[in-house]
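Undergrad: Take this structure, written in structure tokens, and hold onto it; I'll ask about it next.
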Amino acid sequence: MKYSLFTVSVPDMTPEQALEKMREYGYHGVDWRVTALPADPEILKEEPSYWRNNYCTIDIETVEEKAEEIKALTLKYGLEVNALATYLNCSDSPQLIERCMRAAKIMGCSRIRVNTLKYDQNRKYQDLLAEAIKGFSIVEDLAKKHGVKADLEIHMGNITPTASAARHLVSHFDPEYIGVIYDTGNVIYEGYEEYKMAFEILGPYLDLVHVKNARWSKSEVDGKLKYAPEWAPFTDGYADFERCFQALKAVGYDGYITFEDFSSAESSAEKMKHDISYIRGIVESL
């Protein structure tokens, strides 16, 4: 297996600072966060954060023209670009999706993330599914054109929160061009199925595995005390990583493992170091 880091999880680092630490701690690749950079001066004044003022982000507006530069910077630290993790979905602008695919091709990167649609209580699931199929039909054509796979992520709050739901959608497409990212933390929020069964369900569509952790605890939600999910350190959540990696081994998965960690007990550098050491220990023990 190879190990990568999704740069969303190191918001206080510049791309070069993150790459330097990745090399130091033994990562093999990087999943670049690709989205529009904030223009609001008030956001830019904020402390670094995962989804707002994130320093370790590649601007989607210039990702193609800077692709050679990003590739060279990544190679400088002996790493490869594993994925371009966009926040685009299958109904977004085909021109933007194609731009990211062209950039990935320049970087020698085989995949970009293109998510499915959010679940909307005011719409029927069947209508959302039909829209997603229509959108991914266009995405698949672009993937064939550029030779870059588009992966949707199993994610809470959208129409593919489980391996079963993801397979139901992607079964309409060729797994050479449309794949699935399994996420160990997201399925704790919504969508857990037994690991081995989930991987068997995904079959040839399983293209990438994200590892992070989460747990449920009592907190105030809408003025009421109830259980709700929250992110957790790798060693203190509900994800059973040993069972997960046993299942990955059983189905023959030997691809990239991409790290995310949204817990707050340690600094970005400490999490990068401790997380890969912890997971590598589990994998090697198997």
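The values are calculated or read from the model by the stated rules, or taken from the named source; none is laboratory data. Remember, predicted model here, so these are calculated numbers, not experimental data. Cβ coordinates were reconstructed from backbone atoms using ideal geometry, including for glycine residues, and neighbour counts include every protein chain displayed.
Undergrad: Here's a check for you: in the stretch 144-159, which residue that is of a type in the set (D, E, K, R) and assigned to a strand (DSSP E or B) is nearest to residue 100 (Cα to Cα)?
TA: Within the stretch 144-159, the subset of a type in the set (D, E, K, R) is 144-145, 149, 151, 153.
Restricting the remaining residues to those that are assigned to a strand (DSSP E or B) gives 149, 151, 153.
Values: 149: 11, 151: 13, 153: 17 Å.
Taking the candidates together, the pick is 149.
Undergrad: Among the residues of the stretch 203-252, count how many are under 17 Å from residue 1 (Cβ atoms), aliphatic (A, V, I, L, M) and touching a helix residue (DSSP H, G or I) at 6+ places or on another chain (Cβ under 9 Å).
TA: First pass over the stretch 203-252, keeping only residues under 17 Å from residue 1 (Cβ atoms): 206-212, 234, 239, 241-252.
Subset that is aliphatic (A, V, I, L, M): 206, 208-209, 211, 239, 247-248, 250-251.
This time we only want the ones that are touching a helix residue (DSSP H, G or I) at 6+ places or on another chain (Cβ under 9 Å), so: 206, 209, 211, 239, 247-248, 250-251.
Summing the residues that are under 17 Å from residue 1 (Cβ atoms), aliphatic (A, V, I, L, M) and touching a helix residue (DSSP H, G or I) at 6+ places or on another chain (Cβ under 9 Å) in the stretch 203-252 gives 8.
Undergrad: Is it the case that residue 39 is at pLDDT below 95, over 25 Å from residue 134 (Cβ atoms) and either small (Gly, Ala, Ser) or assigned to a loop (DSSP other than H, G, I, E, B) (or both)?
TA: On the way: at pLDDT below 95: yes; over 25 Å from residue 134 (Cβ atoms): yes; either small (Gly, Ala, Ser) or assigned to a loop (DSSP other than H, G, I, E, B) (or both): yes.
Here the answer is yes, as residue 39 does meet what is asked.
Undergrad: Residue 141 - would you say it is of a type in the set (Asp, Glu) and not in a helix (DSSP H, G or I)?
TA: Working: of a type in the set (Asp, Glu): yes; not in a helix (DSSP H, G or I): no.
So residue 141 does not fit the description; no.
Undergrad: I'd like to check something: does the stretch 266-273 contain any residue that is in contact with a Gly (Cβ under 7 Å, 6 or more places away or on another chain) and under 24 Å from residue 56 (Cβ atoms)?
TA: Initial filter on the stretch 266-273 (in contact with a Gly (Cβ under 7 Å, 6 or more places away or on another chain)): none.
The answer is no, given that none of the residues of the stretch 266-273 is in contact with a Gly (Cβ under 7 Å, 6 or more places away or on another chain) and under 24 Å from residue 56 (Cβ atoms).
Undergrad: Of all residues being assigned to a loop (DSSP other than H, G, I, E, B) and of a type outside the set (S, T, N, Q) in the stretch 74-94, which is surrounded by the fewest Cβ atoms within 10 Å (Cβ to Cβ)? Just the residue, please. Give the derivation first.
TA: Start the filter on the stretch 74-94 by keeping residues that are assigned to a loop (DSSP other than H, G, I, E, B), which leaves 77-79, 90-93.
Going one step further and asking which of them are of a type outside the set (S, T, N, Q), we end up with 77-79, 90, 92.
Working: 77: 16, 78: 11, 79: 19, 90: 24, 92: 15.
Among residues in the stretch 74-94 that are assigned to a loop (DSSP other than H, G, I, E, B) and of a type outside the set (S, T, N, Q), the one surrounded by the fewest Cβ atoms within 10 Å (Cβ to Cβ) is 78.
Undergrad: Can you go through 214, 198 and tell me which one is over 22 Å from residue 29 (Cα atoms), assigned to a helix (DSSP H, G or I) and modelled with pLDDT of 95 or more? Lay out the reasoning, then the answer.
TA: Numbers: 214 fails: assigned to a helix (DSSP H, G or I).
Exactly one residue qualifies, and that residue is 198.
Undergrad: When residue 100 is evaluated against the numbered criteria (1) of a type outside the set (S, T, N, Q); (2) touching a Phe, Trp or Tyr at 6+ places or on another chain (Cβ under 7 Å); (3) surrounded by 20 or more Cβ atoms within 10 Å (Cβ to Cβ), which criterion, by number, is the only one it fails?
TA: Answer for residue 100: the failing condition is (2).
Undergrad: Continuing with the same structure: Hey, can you tell me all the residues within the stretch 160-186 that are in a strand (DSSP E or B) and not small (Gly, Ala, Ser)?
TA: Initial filter on the stretch 160-186 (in a strand (DSSP E or B)): 178-183.
Result: 178, 180, 181, 182, 183.
Undergrad: I want to confirm something. Restricting to the stretch 217-249 and keeping residues that are touching a Gly at 6+ places or on another chain (Cβ under 8 Å) and not in a strand (DSSP E or B), which single residue is farthest from residue 263 (Cα to Cα)?
TA: 239
Undergrad: To continue, here is another question. Please specify each residue of the stretch 51-72 satisfying the condition of being closer than 29 Å to residue 263 by Cα and either assigned to a loop (DSSP other than H, G, I, E, B) or more than 21 Å from the chain's Cα centre (by Cα) (or both).
TA: Within the stretch 51-72, 51, 52, 53, 54, 55, 56, 60, 63 qualify.
Undergrad: Something else about it: Taking the stretch 250-262 on its own, how many of its residues are in a loop (DSSP other than H, G, I, E, B) and either surrounded by fewer than 19 Cβ atoms within 10 Å (Cβ to Cβ) or among the polar types (S, T, N, Q) (or both)? Full working, then the answer.
TA: The first filter runs over the stretch 250-262 and keeps only residues in a loop (DSSP other than H, G, I, E, B), leaving 251-255, 260-262.
The next check asks that each one be either surrounded by fewer than 19 Cβ atoms within 10 Å (Cβ to Cβ) or among the polar types (S, T, N, Q) (or both); those that pass are 251-252, 254-255, 262.
Residues in the stretch 250-262 being in a loop (DSSP other than H, G, I, E, B) and either surrounded by fewer than 19 Cβ atoms within 10 Å (Cβ to Cβ) or among the polar types (S, T, N, Q) (or both): 5 in total.
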